[in-house]
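This report concerns only the one structure given below.
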Amino acid sequence: MNRREFLRKSAIAGTVLSAVPESTLSWQGAKKPKHVIILGAGFAGLAAGLKLTKAGIRVTILEARKRIGGRVFSFRPDQSSDNVIELGAEWVGASHTRMIELCKEFNLTLEDNRFETDLIRSGVHSKTGTWTFGPEMEIFWKDKVKIWESMTEKEKAKLDKTGLVEIFVQSRNTL
Ligand SMILES: Cc1cc2nc3c(=O)[nH]c(=O)nc-3n(C[C@H](O)[C@H](O)[C@H](O)COP(=O)(O)OP(=O)(O)OC[C@H]3O[C@@H](n4cnc5c(N)ncnc54)[C@H](O)[C@@H]3O)c2cc1C
């Protein structure tokens, strides 16, 4: 397969995967591929791999890093404990229909982790609506919103491609 053919076939696969639900996977007139190579084992690559595998297609996922998950990174500082620190994506919103579908498929329970929830702090349990952030935190959030609103779409896209790990590494290198 030459480069042009590879790009054409991967473009078709990309369009097909993002546009239609699994049950109606079709190849838009092209021949169903036997083997698909996916670049990146982030959630998009892994979800695409799952869809294709279910459609009976052989899949190879190539990942540049030493771990899978991409911008989702569940870090366990102590392997002997169940404590996990999420260093990337962790919230699934009501509009994230595909993620919700995947959670159902893998029997994963979504925890209600919105700010409109009970708070247990220093052993004190406060019911929803009875607690607020401290004044410093309110200022911190307002400042963040201001920065976000002043950013261009290009800057936002660049920020979205960054992970906390990269930010830690960058700040360590500049210290
Ligand atoms: C700190 C942070 C918090 C976030 N919080 C949320 C949240 O709460 N809820 C939410 O919905 N979204 C959140 N997001 C956004 C969410 O993480 C991303 O939208 C999502 O993970 C993107 O998945 P992806 O598979 O498209 O890309 P990625 O996760 O970026 O995966 C791409 C993968 O491809 C690999 N790769 C790249 N180039 C190559 C190559 N040439 N060859 C091989 N491999 C390659 C990369 O190493 C990576 O593993 C957050 C993002 C960050 C950074």
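The values are calculated or read from the model by the stated rules, or taken from the named source; none is laboratory data. Since the model is a prediction, treat every value here as computed from it, not as a measurement. Glycine gets a Cβ as well: all are built from the backbone with ideal geometry, and neighbour counts include every protein chain shown.
Got at least one residue in segment 76-85 being in contact with a Leu (Cβ under 9 Å, 6 or more places away or on another chain) and either part of a loop (DSSP other than H, G, I, E, B) or surrounded by fewer than 11 Cβ atoms within 10 Å (Cβ to Cβ) (or both)? No - not one qualifying residue is present in segment 76-85. Can you confirm whether Arg65 is assigned to a loop (DSSP other than H, G, I, E, B), near the ligand (Cβ under 10 Å from one of its atoms) and of a type outside the set (A, V, I, L, M)? Judged against the criteria, Arg65 is a match. Of note, Leu25 does not satisfy the criterion of being within 16 Å of the ligand (Cβ to nearest atom) and either closer than 22 Å to Phe106 by Cα or at pLDDT below 90 (or both). Only a single criterion out of (1) within 16 Å of the ligand (Cβ to nearest atom); (2) assigned by TED's automatic domain parsing to the domain that holds Lys34 is not satisfied by Gly56, namely (1). Of all residues in segment 104-122, those that are surrounded by 11 or more Cβ atoms within 10 Å (Cβ to Cβ) have Cβ atoms under 8 Å from Cβ atoms of residues that are β-branched (Val, Ile, Thr), 6 or more apart or on another chain, in Leu110/Val92; Leu110/Ile100; Thr117/Thr128; Asp118/Thr128. When segment 68-77 is limited to residues that are more than 11 Å from the ligand (Cβ to nearest atom) and not aromatic (Phe, Trp, Tyr), the one that is farthest from Lys31 (Cα to Cα) turns out to be Pro77. Filtered by the rule that a residue be acidic (Asp, Glu) and within 19 Å of Glu86 (Cα to Cα), segment 98-143 gives Glu111, Asp112.
Select from segment 112-127 the residues that are modelled with pLDDT of 85 or more, assigned to a loop (DSSP other than H, G, I, E, B) and either among the charged types (D, E, K, R) or within 30 Å of Phe43 (Cα to Cα) (or both) and list them in ascending order. Residue satisfying the conditions is Lys127 alone.
In segment 42-71, the residues that are within 22 Å of Glu90 (Cα to Cα) form Cβ pairs under 6 Å with partners that are at pLDDT 95 or above and more than 7 Å from the ligand (Cβ to nearest atom), at six or more places apart or across chains, as follows: Gly45/Ile38; Gly45/Ile61; Ala48/Ile38; Gly49/Ile38; Gly49/Val59; Gly49/Ile61.
Residues checked against (1) at pLDDT 95 or above; (2) near the ligand (Cβ under 9 Å from one of its atoms):
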| site | (1), (2) |
| --- | --- |
| Gln79 | no, no |
| Glu90 | no, yes |
| Lys104 | yes, no |
| Leu110 | no, no |
